[in-house]
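Only one structure is covered here, and it is reproduced in the block below.
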Protein chains: 2
Amino acid sequence: MLHTIPNATIKRLALYRRCFIELYDKGIKRVQSGELSQRIGVDSATIRRDFSYLGELGRQGYGYEVRTVLEAFNNLLKTEETQHAVIIGIGNLGRALLNYFSSDKFNDLIFKTPVDLIAAFDIKESLVGQQIGNLEVHHLSGLKAYIEKHQITYVILTVPPAAAQKVANSLEGLGIKGILNLSSTVINVAEDIRVHEVDLNMELETLFFYVLQKEQGKK
Amino acid sequence: MLHTIPNATIKRLALYRRCFIELYDKGIKRVQSGELSQRIGVDSATIRRDFSYLGELGRQGYGYEVRTVLEAFNNLLKTEETQHAVIIGIGNLGRALLNYFSSDKFNDLIFKTPVDLIAAFDIKESLVGQQIGNLEVHHLSGLKAYIEKHQITYVILTVPPAAAQKVANSLEGLGIKGILNLSSTVINVAEDIRVHEVDLNMELETLFFYVLQKEQGKK
């Protein structure tokens, strides 16, 4: 079903899901697209169009039932078995992610993510064998064998920029489907691997451009 | 000029700028929209339309002069003086960001970002007075006075989710223009502050949705 949905909508699905999880958490049972719009900064018409791709989830004037929408998301996510991921590179950012993804909230079914982080890798001998969050750090030299044994399909890449492309190359041909690239540099990999990149400096700059746009609009 | 540019284009400006910085770094002088498209995964037509908003930067069949495009970006960024930012919350993620933004490359004029991180804040007494990256950690109790004295206009928020809204409230009415929210929860602030949110779990889920879309398209 997702392949009929435009990329721009796909990009917003996780945001919608998180917003509905927060509403559910607050005990809110129903929400109008106008309220959603205020919460997440996406205009109502876009929200209604996006939701129309997900099925008959809302009624005009009534809004969206929070539980129904969350169930629709869960169905979407359940079409696949849980995917296994590893994180490569245990600097401060890697550590932050390990602690974050080890948090209890990800055990809750409603919050459950479709990707489960199960191990960490680094080249630093002093880190190997340590537990961070609730995951063990392995040496990078064992990566290929680990990926094959545990059917790893996702990788979170938090290595330094200079190491990123080399590590990315070593991931080809092993059945990896997606890389979340946080290494602050562009990587090129075979087409069967989808790369999704997050660069925090770029995010700061994007914020700056939005502020500039707003200020110039006022003049 | 930015206020006449669509939001979708604004969102891609930082990506374009980084790509051109990388090309410049590699000594590449000229690039076609087709090559750009391959590098950043945005289709050529969109790239050409986006660039048309930035002025007469390319010629059909000739492509874009790397230096000219970078200068156009610098002019865009120079319309404002350097803005000062602080980071609030020095956990692993805060530390990663402090080290990252302290890196030498940000001293290079070409790479120079319009937002300059100048101090860090936390509530943990043991951190106060420490240097992380090349910035000093201050106690959160001194935040308001610091913002006013140093004309801080941007905040990077890396506090735990439970503290985020309270800290965000304390930022209102102090001249803050933008918050980069990395606290994994939605915050609500007065309309004069632009919030740009990055949630790494959401980014992982977005990657998952893209992979799912691709797989379903093949069936």
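The values are calculated or read from the model by the stated rules, or taken from the named source; none is laboratory data. For clarity, every value in this text was computed on a predicted model and none was experimentally measured. Here the Cβ is made from the backbone with ideal geometry for all residues, glycine too, and neighbour counts use every protein chain on show. Note: areas computed on protein heavy atoms with side chains; ligands, DNA, RNA excluded. Shrake-Rupley method; radii C 1.70, N 1.55, O 1.52, S 1.80 Å.
Within segment B:160-181, the residues that satisfy the criterion of being assigned to a loop (DSSP other than H, G, I, E, B), of a type outside the set (D, E, K, R) and modelled with pLDDT of 95 or more are B:LEU171, B:GLY173, B:LEU174, B:GLY175, B:ILE176. In segment B:157-170 there is at least one residue matching the filter, namely being touching a residue at least 12 places away in the same chain (Cβ under 8 Å) and within 13 Å of B:ALA85 (Cβ to Cβ). Residue-level analysis places A:LEU57 among those that are in contact with a strand residue (DSSP E or B) (Cβ under 7 Å, 6 or more places away or on another chain) and away from chain B (no Cβ under 14 Å). Pairs are defined by a Cβ separation below 6 Å, a sequence spacing of at least 6 or placement on different chains, a first member in segment A:48-63 that is open to solvent by 70 Å² or more (accessible area, probe 1.4 Å), and a second member that is outside any helix (DSSP H, G or I) and not acidic (Asp, Glu); the pairs so defined are A:TYR53/A:ILE5. Looking at B:ASN92, B:ASN99, B:ASN7, B:ASN75, just one residue is in contact (Cβ under 8 Å) with a residue 24 or more places away in the chain and either within 30 Å of B:LEU135 (Cα to Cα) or within 14 Å of another protein chain (Cβ to nearest Cβ) (or both), and that residue is B:ASN99. Picking from residues in segment A:73-85 that are at pLDDT below 85 and not in a helix (DSSP H, G or I), the one that is surrounded by the most Cβ atoms within 10 Å (Cβ to Cβ) is A:GLU80.
Being of a type in the set (A, V, I, L, M), at the interface with chain B (Cβ under 10 Å from one of its Cβ atoms) and open to solvent by less than 70 Å² (accessible area, probe 1.4 Å) is a condition met by no residue of segment A:24-34.
Looking across segment A:37-62, the residues that are closer than 22 Å to B:ASN188 by Cα and not acidic (Asp, Glu) come down to A:SER37, A:GLN38, A:ARG39, A:ILE40, A:GLY41, A:VAL42, A:SER44, A:ALA45, A:THR46, A:ILE47.
The single condition from (1) open to solvent by less than 50 Å² (accessible area, probe 1.4 Å); (2) within 14 Å of another protein chain (Cβ to nearest Cβ); (3) not in a loop (DSSP other than H, G, I, E, B) that A:VAL137 fails is (2).
Taken over segment B:144-156, the criterion of being away from every other protein chain (no Cβ under 14 Å), open to solvent by 10 Å² or more (accessible area, probe 1.4 Å) and either touching a residue at least 12 places away in the same chain (Cβ under 8 Å) or in a strand (DSSP E or B) (or both) is satisfied by B:LYS144, B:TYR146, B:GLU148, B:HIS150, B:GLN151.
Can you tell me which residues in segment A:174-219 are open to solvent by less than 30 Å² (accessible area, probe 1.4 Å), facing another protein chain (nearest Cβ under 8 Å) and either among the acidic types (Asp, Glu) or touching an Asp or Glu at 6+ places or on another chain (Cβ under 7 Å) (or both)? A:LEU180, A:SER184, A:HIS196, A:VAL198, A:ASP199, A:GLU205, A:LEU212 - these are the residues of segment A:174-219 that are open to solvent by less than 30 Å² (accessible area, probe 1.4 Å), facing another protein chain (nearest Cβ under 8 Å) and either among the acidic types (Asp, Glu) or touching an Asp or Glu at 6+ places or on another chain (Cβ under 7 Å) (or both). Taken together, the residues in segment B:99-126 that are modelled with pLDDT of 95 or more and either part of a loop (DSSP other than H, G, I, E, B) or of a type outside the set (A, V, I, L, M) (or both) amount to 6.
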